[in-house]
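Below is one structure; the comments refer to it alone.
The values are calculated or read from the model by the stated rules, or taken from the named source; none is laboratory data. What you are looking at is a predicted structure, and each value in this text was computed from that prediction instead of being measured. In this analysis, Cβ positions are derived from the backbone assuming ideal geometry, glycine residues included, and neighbour counts consider all displayed protein chains. Surface areas here come from the heavy atoms of the whole protein model, side chains and all, with no ligands, DNA or RNA. Shrake-Rupley method; radii C 1.70, N 1.55, O 1.52, S 1.80 Å.
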Amino acid sequence: WGGGFDTIYSLQDEAFDRERGLRSLTVALGPRRAILAARLLHVGAVLALAGFAAAVPAGAGAQSWSPRPGVTRAPIEIRVTPLPAFDPRESGRTRFGELAWRGGFEMTSERKEFGGLSALRVAADGQRFVAVSDKGHWIAGRIVHQGKRPVGVADVEIAPVLGPDGKAIQTRGWYDTEAMAADGGTLYLGLERVHRILRFDFGRHGLAARGQPIAVPPGFKSLRSNKGIEALVAVPKGHPHAGALIAISEASLDDAGNIRAFLIGRGGGEFAVKRSDDFDVSDAALTPRGDLLLLERRYSLWRGVAARIRRIALAQVAPGAILDGPVIFEADMGFQIDNMEGLSVHRDADGETVLTLVSDDNYSMLQRSILLQFTLVEPE
């Protein structure tokens, strides 16, 4: 994945001084309590000011675009801070439900447009990746490993997501790019606020690919504005509904309180995912065995943020169905998580199934962009 691209952007300055704010909290409360307080203060502020806890509204503080003639590539430097353990309280622990810890790191950059990572796909080689941010940027590069442990990223580039006219999608008012699916060299992006799906010939054009809207079911029109499509999965050959797209909303609920979802393609229709324990959908991916892994998150003002993964048989997906499956992983703020929004699955050279997760920091100094990797312990 690569290729030249036209990058056109300018950003307003941040509203807060990151280092000064965190330093003040640390002096007052101590390191661990400062981190907890910072996250709770941020999410509480989002809840109070925006009316929801999942993300900052894309229109608030969104960047304005202006052309920079002659700029065709935008490399970006990413600094990483390793996460030695997923559970800081038990540094030697590696098993968490059906997942085995491989490693992870926090990512920061001087480039103010970096952040808001909402979806991710890792290539079959386990190195190349492409992510998308809330505010309509591609971020592509390589994951660097020491053995099986992820230790950083390299050759990272950033570019605006382009619409069918070759302009940044935000010039059309298309924002909240929350979901991504890969089908060979084709990528699909879900735009949550405007209830659209764009198709990109990424294999041919890379970051310069232009998104072409695809036909979506009529039911998209009744999705909630900030609880729209949050997960996309392209069903591969050899599976039921091969060639179709699975599109799952974040928390647009049906009359029974379940999460609305769609099968787009031949024989498609609407179905639902059973909602439980106040968790909302944040992403989904398929395992090599053909199971649908559903990444979910929950926010509580008193309990903070939690993340979990459910395993659902792909064969359950059908119009009118209500999907459910066992929880194979769950973590709260005692673990190294943040607002986990992206999930990708690939098989490594040893045949192990690897899960890569990324978090959306909402472009806030009080949250983190982190990348985590686990091995899926497959059932016998």
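With contacts taken as Cα pairs under 8 Å at a separation of at least 6 residues, segment 103-185 carries a relative contact order of 27 percent. In whole Å, how far is the Cα centre of segment 97-135 from that of segment 173-231? Centre-to-centre (Cα) distance: 19 Å. Around the Cα centre of segment 165-228, unit charges on the Cβ atoms of Lys, Arg, Asp and Glu (plus for the first two, minus for the last two) sum to a dipole of about 220 debye. Annotation: per residue accessible area for segment 265-380 equals 35 Å², rounded to a whole number [probe 1.4 Å, protein chains only]. For segment 102-241, the per residue solvent-accessible surface stands at 36 Å², with DNA, RNA and ligands left out and a 1.4 Å probe.
The charge dipole of segment 135-243, taken about its Cα centre with unit charges on the Cβ of Lys, Arg, Asp and Glu (plus for the first two, minus for the last two), comes to roughly 140 debye.
Using Cα-Cα distances under 8 Å and only pairs 6 or more residues apart, what relative contact order does segment 198-318 have, in percent?
Working: 223 pairs, mean separation 19.9, N = 121.
It comes to 16 percent, rounded to a whole number.
Legend: residue pairs K135/K221; K148/K227; K112/K274; K112/K221, Cα-Cα distance threshold 30 Å; pairs beyond threshold, K148/K227; K112/K274; K112/K221.
Applying 0.36 nm per residue to the separation of V377 and R224 and subtracting their alpha-carbon distance, the gain on full extension is 51.5 nm.
Once the Cβ-Cβ distance of V194 and I322 is raised to the sixth power relative to R0 = 30 Å, the FRET efficiency obtained is 0.65.
Of all accessible surface on segment 228-277 at a 1.4 Å probe, what whole percent is carbon and sulfur? Reported share for carbon and sulfur atoms: 47 percent.
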